[in-house]
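Nothing in this text is a laboratory measurement; each read-out follows from the coordinates by a stated rule. The model shown is predicted, which means the values in this text are computed figures rather than measured ones. Positions of Cβ are generated from backbone atoms using ideal geometry, with glycine treated the same way; all protein chains shown enter the neighbour counts.
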Amino acid sequence: MSYSHLLVSVAVSPESHQLVARAVSIARPANARISLITLAAEPEMYNQLAAPMLEDIREVLQEETHQFLQELVERADYPIHQTVIATGELSAHILDICQKENIDLVICGNHNQSFFSRAACSAKSIVSSSQVDVLLVPLGGN
């Protein structure tokens, strides 16, 4: 089966390069489109005492996320259709994008630590409610 539009859930993490590489290997033979989605880090999670600086921290984190997505795009060796930085519930954004952009495969990473533990929780929700195929890629833990 070939796919026409893949959505890859990534994080600001080296493992995301594995996910993009897997997506490219699936997309290339069919000349399919690839889109990337990630969650923006919420500065409130980092330090409750830094309330006056939260907006500055938010901007720095947003810029860091944008730069990482740009690095993923540049290193993909394949055209990336779009990148999305979401806030809130990742699975809800993924389901919405799947409907609006005619996504037919969602690719998520899966291991039990760091950011991807949040993504794994989202993956369970995505799998249970998805109208499209979902590929969970095992990512090695350190």
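Each of Val60 and Glu89 was given a label point 7 Å from its Cα along the Cα-to-Cβ line. The distance between the two points is 3.2 nm. Placing a pseudo-label 7 Å from each Cα along the Cα-to-Cβ vector at Met1 and Ala40 gives an inter-label distance of 3.4 nm.
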